[in-house]
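Accompanying notes for the structure given below.
Please treat every number below as a calculation from the coordinates, not as lab data. Just so you know, these numbers come straight off a predicted model, no measurement behind them. Every residue, glycine as well, gets a Cβ built from its backbone with ideal geometry; the counts of neighbours run over all protein chains shown.
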Amino acid sequence: MTSYSETHAPSGLFDGLRTRPSQVWGAVRLVPLVRAEPVEDLRLHPRIHPGPGVVDLGRKGSYCSYIPHSFVAEWTGDGTPAAAYGTQLAEGPAEQGSVAAVRLHFHRRMARQEGRRRLRFLPLHLALEGYLALHFGGPTIAWEEWSRQALSQGLSPRVEAAYLGLQVPGLADALSVFEIHPGQCGVLVYLADALAAAFVVPHPEDYRTLHPTLVQDLYGDLVHHYATLMPPVPDFRARIADTGIRSLGELRAAAAEQTDRWEEFHDTTMAAGLVEQESNWQRVRRMGRFTLSRFLPEFRPKQDNHIGEAILDERGRTVYLKTFRLSENQVRRGFLLSRLAAHDWHLADTATEFGIDDAALAKRLETAGFGHLLRQRR
Amino acid sequence: MESYGDLVAADDVLLFVNAAITATGQREFHADAGTQRLSLDFLHAYMLGNYRDLYAGVLALDINDHNAALIVRRLLETSAEATVEQRRSEGRLIAGRLALLPPQRVYGLFRALRRAGVNNRRTRALLRDWLAARPDLAFDAVKYRSGLKQALRHAHLAPGDGELGTFLFAPLSRAHYDTPILETWRRAHYEQAAVYELPYTVAEGFAAKHGIPRAVFLERIAPRMTRLEALRLQETAERRGVAEAVAVDLARMPLTRLAGYVLSLPVAERVERREELTGALRAAAARVAGVHRGTWGRVTAVLDDSFSSYGSGVKRRRPLAVAVACHYLLEALADRYAGLWTSGRREALLAHPVGPTPLGERILDALETAPDRLVIVSDGWDNAPPGLAAEVLRVWRTRIDPERRTSVVHLNPVYDADDFDVRRLAPSVPTAGVRDAEDLPALVEIAQFAEGRTGLAELTAYLDARAERLLAAPGQRTAAGGAR
């Protein structure tokens with residue numbers, strides 16, 4: 001049973017990160033996030049990123065590392081490849097064998113890809129698991145409407161589908177022509193100007209390592225549809241009103257104002273769906289001053305709903321963040337389950353809340369894919 | 001008075017010239033090879049269909065070899081559509097241009113004509129004349145064996161003397177050749193020493209056949225390499241420990257090639273050899289600048305070393321190499337020079353393609369130095385923030401410097417397949433395509449036309465003048481490529 005503590009979401013999800021001008025490729029808009037000061041004491045696990053800086057930091061002792069979900073490396077220590085299972089925090093480079101991993105049996109071709117250490121296997125994260133396990137146990141009270149299967153096995157098997165980044169048209173191209181900013185520690189991916197994913201890491205070098213892996217992440221079918229059907233999005237081009245500019249200094253000030261304006265517009269308008277969403281956070285692991293958590297939204301139909309996983313520091317600033325935008329159907333399923341759970345799985349009570357009758361709610365459950373939970377009536 | 005049609009024509013020709021200078025039908029940072037080729041093919045078909053005379057006239061400009069060969073091919077393919085007068089002027093332009101092209105390009109062109117089934121009298125005559133003008137046909141028979149063979153077969157020409165014909169069509173049927181190079185080639189089949197008297201590309205095949213170790217081969221073949229071959233093999237020679245034998249005089253290399261070579265070196269080596277490399281680049285730039293040295297007044301350059309200046313796997317770091325070459329050339333041309341890199345880097349020698357393109361900000365920095373000329377070398381993908389460069393240049397021109405004290409020109413090394421042109425920064429700033437920094441002075445000349453102050457009449461006059469120059473000085477560029 002998954003339990004989420006009530007909202008203790010960080011006040012500003014993007015504190016300490018500054019928005020830089022976006023880069024557009026077709027329907028894809030990538031917005032870089034830049035950190036003024038990189039976080040030095042949380043870095044990618046050295047198995048993934050054996051940089052010299054990591055070794056230096058290791059001597060200090062107060063050093064943590066993280067492993068994004070499904071990263072393939074020699075986690076088990078016997079030389080065979082394995083995929084990290086779930087995003088994890090680890091205690092510095094000395095610690096070995098504590099990484100939860102799934103052993104992989106490669107065919108020859110896949111093993112070659114693994115050699116470059118860029119392969120993400122089973123691209124699904126902690127957060128998605130949290131969403132899938134939502135009210136997984138099924139009805140808590142055996143009301144007569146629920147089928148025997150629902151009562152004995154809960155929602156199992158619970159399946160959701162998503163697209164691999166490589167299948168999202170234009171995303172791979174957009175990422176390969178993207179010019180990484182100095183100090184960049186994150187990116188927001190928009191498709192047809194709808195926020196598809198947010199990705200933040202502690203250090204620019206980690207970002208450089210992980211940037212190409214964004215195409216091996218999961219994207220919801222909404223994102224895939226937008227990418228396939230929508231025309232290219234326009235650039236937000238700078239515009240300077242030339243009246244009243246008489247010197248280079250004034251021109252420079254006007255140019256700087258353009259950059260600030262974009263930043264403000266983006267943070268308050270474009271990213272609002274994610275920043276302002278009410279969400280439930282669950283702490284998964286704590287290590288040193290860092291906490292690994294996952295979060296679920298309140299499931300508001302017809303709005304952006306992002307699930308995600310994050311590592312926060314002791315002041316609640318995000319050092320690592322990865323989100324997934326749920327598709328409309330997924331939101332509807334989450335919404336129905338959470339409302340049912342709120343009413344102790346009582347159909348009539350839930351139907352009353354929606355202002356419909358039992359039969360209509362049963363219909364709704366059926367279209368949402370939960371038909372097998374209901375007892376068949378003559 | 002100029003008609004609307006004339007203005008459109010002038011515009012189209014300039015657009016085509018930019019494309020013909022930059023496009024090579026290869027993969028670029030933002031477009032793949034297929035897109036580039038499709039876009040370029042359309043442009044050629046459009047120009048040929050609408051402005052045949054101007055299309056042929058472009059042959060006289062410093063367009064790249066790929067496009068020169070394409071133009072020649074299309075003109076010959078459509079000979080039937082030309083009037084007698086057109087054919088005469090085209091014939092002279094084509095002959096003049098073929099004399100400038102490196103021989104492997106011309107043989108490639110003949111092969112393409114053969115594949116396309118183009119075998120009119122004009123084509124055969126051009127082929128005959130070009131072959132007759134070759135300094136040493138026996139050398140060509142060895143180095144460009146299949147090319148020459150196909151050309152002769154296609155044009156129904158008899159090779160000069162009996163020996164050449166036998167060599168091409170039944171090479172091993174004779175026990176002895178009188179021509180030294182043909183005899184060397186025959187002996188190279190059996191005798192290792194003879195391999196080292198052949199051109200490098202031919203000798204390489206024989207070296208593989210005889211199983212000669214690479215280091216030994218490189219050391220002994222070095223004197224037979226062209227200088228570009230030697231430049232290309234520097235790294236290999238270093239690895240094999242025969243660097244002295246294959247050593248080249250860097251200062252004598254063409255400027256842009258040299259810049260490309262410098263950028264291919266790891267940063268540590270560039271730091272180590274700083275004096276030598278900088279000296280070579282300066283010497284090459286001074287040679288290009290020639291009499292114009294120090295005559296351009298105060299010049300400031302904005303140079304693009306963003307990630308997109310990496311180009312692509314097939315044109316590795318080409319846009320960045322052009323920027324580095326322009327940096328050294330402008331330094332030579334100017335009285336007082338300042339070069340500003342988009343990444344904020346200070347030293348051109350250590351340039352590396354990384355980061356975004358904050359062109360607008362850098363242009364502001366450049367204008368602060370109050371230059372006479374501002375030269376921008378960039379692929380035009382201004383993205384931090386997008387469009388700021390255009391706004392800065394517009395406001396500068398309309399509000400701060402309406403008297404045009406500072407002349408601004410934008411040079412773009414990358415063809416944009418979607419726009420059929422190089423990407424422009426602002427309508428008020430002339431943009432010209434650039435392939436080799438060596439052409440920079442001529443390009444600044446052309447860029448004046450792009451500012452929209454000159455019409456078709458001037459442009460035609462300019463093309464005619466260039467055609468005269470082309471025909472007056474044949475073979476001036478053969479020294480740059482090809483054989484040493």
Checklist entry - Antiparallel as a % of all DSSP beta bridges within the protein assembly as shown, to the nearest 5? => result 70
Checklist outcome for this item: The answer for A:L374, listing residues at least 5 apart or on another chain whose modeled amide H is closer than 5 Å to its amide H, is A:S147
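Return the equivalent ellipsoid semi-axes of segment A:284-373 as a descending list in whole Å, where each equals the square root of 5 times an eigenvalue of the C-alpha gyration tensor.
34, 13, 10
Based only on Cα atoms, what mean projected area does the convex hull of segment B:189-248 have, in nm²?
It is 3.5 nm².
Working from the pairwise distances between different alpha carbons, so that the mean of 1/r is found and then inverted, what is segment B:350-419's Kirkwood radius in Å? Each step should come with its number before you reach the end.
On the way: mean 1/r = 0.0760 Å⁻¹.
Here the Kirkwood hydrodynamic radius works out to 13.2 Å.
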Checklist outcome for this item: Counting Lys and Arg as +1 and Asp and Glu as -1 over every other residue whose Cβ sits under 13 Å from the Cβ of A:E179, the net charge comes to -2
Checklist entry - Which Rg and Dmax, in Å, describe the Cα atoms of segment B:255-452? => result 15.7, 47
Item to check | Given charges at Cβ of Lys, Arg, Asp, Glu: the protein assembly as shown dipole, positive-most of A:L132, B:A33, A:T213 | outcome: B:A33
Item to check | All-pairs Cα distance distribution in segment B:282-332, expressed in whole percent, bin size 5 Å | outcome: 5, 21, 23, 19, 15, 11, 5, 1
Checklist outcome for this item: note: segment B:76-213, Cα-Cα separations exceeding 22 Å make up a percent value of 45
Checklist outcome for this item: A student asked for the Cα radius of gyration and Dmax of segment A:223-339 in angstrom ought to give 20.1, 63
Item to check | For segment B:103-112, Karplus couplings with θ = phi - 60° (6.51, -1.76, 1.60), whole Hz, Gly/Pro x | outcome: x, 5, 5, 5, 4, x, 5, 4, 4, 5
Checklist entry - Spin-label point model (7 Å from Cα, Cβ direction): what's the A:S247 to A:A161 distance in nm? => result 6.5
Checklist entry - What shape does segment B:59-135 take by its C-alpha gyration tensor, where a ≥ b ≥ c are the square roots of the eigenvalues and a/c under 1.5 counts as rounded, a/b above b/c as prolate, and the rest as oblate? => result rounded
Checklist entry - Can you give me the pair-distance distribution of segment B:88-132, C-alpha pairs, 5 Å bins, whole percents? => result 5, 21, 34, 29, 11, 0
Next on the checklist: To make sure I understand, if each residue's beta carbon is the centre and we count other beta carbons within 10 Å, what order do B:S146, A:S338 fall in, fewest to most?
Outcome noted: B:S146, A:S338
Checklist entry - After finding the eigenvalues of the alpha carbon gyration tensor for segment B:230-288, what semi-axes result from the square roots of 5 times each, listed largest first in whole Å? => result 19, 13, 10
Checklist outcome for this item: Residues whose built amide H sits under 5 Å from the amide H of B:D416, excluding neighbours closer than 5 in sequence, are B:D421, B:V422, B:R423
Checklist entry - Which value, in debye to the nearest 20, describes the size of the charge dipole of the protein assembly as shown about its Cα centre when Lys and Arg Cβ atoms bear +1, Asp and Glu Cβ atoms bear -1, and nothing else is charged? => result 2780
Item to check | Near-label residues of segment B:4-32 by backbone N, under 17 Å of a point 7 Å along Cα→Cβ of B:Y46 | outcome: B:5-25
Checklist entry - Stretch A:A133-A:R261 to full length: gain in nm at 0.36 nm per residue minus the Cα-Cα span? => result 41.9 nm
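Rg over Rh of segment B:6-84, using C-alpha atoms and the Kirkwood radius, what does it come to?
Rg/Rh for segment B:6-84 comes to 0.97.
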Item to check | Karplus 3J(HN,Hα) series, Hz, for segment B:159-164 with 6.51 cos²θ - 1.76 cosθ + 1.60 (x for Gly, Pro) | outcome: x, x, 10, x, 5, 5
Checklist entry - Once the piece of chain linking B:A243 and B:R469 is laid out straight, how much longer is it, given 0.36 nm per residue of separation minus the C-alpha distance between them? => result 77.3 nm
Checklist entry - Mind checking the mean number of beta-carbon atoms from other chains within 10 Å of the Cβ atoms in B:386-394? => result 6
Checklist entry - So, in nm, how far is label A:E328 from label A:H225 when the simple model puts each one 7 Å beyond its Cα toward the Cβ? => result 0.4
Checklist entry - Looking at the protein assembly as shown, what % of the alpha carbon pairs are farther apart than 35 Å? => result 62
Item to check | Bins of 20 Å from zero: percent of alpha-carbon pairs in chain B | outcome: 21, 52, 25, 2, 0
Checklist outcome for this item: Expressed in angstrom and rounded, the centroid-to-centroid distance over alpha carbons for segment B:133-209 and segment A:229-246 is 63
Item to check | Cα centroid separation - segment B:239-291 against segment B:90-119, whole Å | outcome: 33
Item to check | Built amide H within the under 5 Å cut-off of B:V408, gap 5+ | outcome: B:L374
Checklist entry - So what's the projected area for segment B:308-357, the Cα convex hull averaged over all directions, in nm²? => result 3.6
Checklist entry - Can you give the mean number of other chain Cβ atoms that lie within 10 Å of the Cβ atoms in peptide A:236-248? => result 5
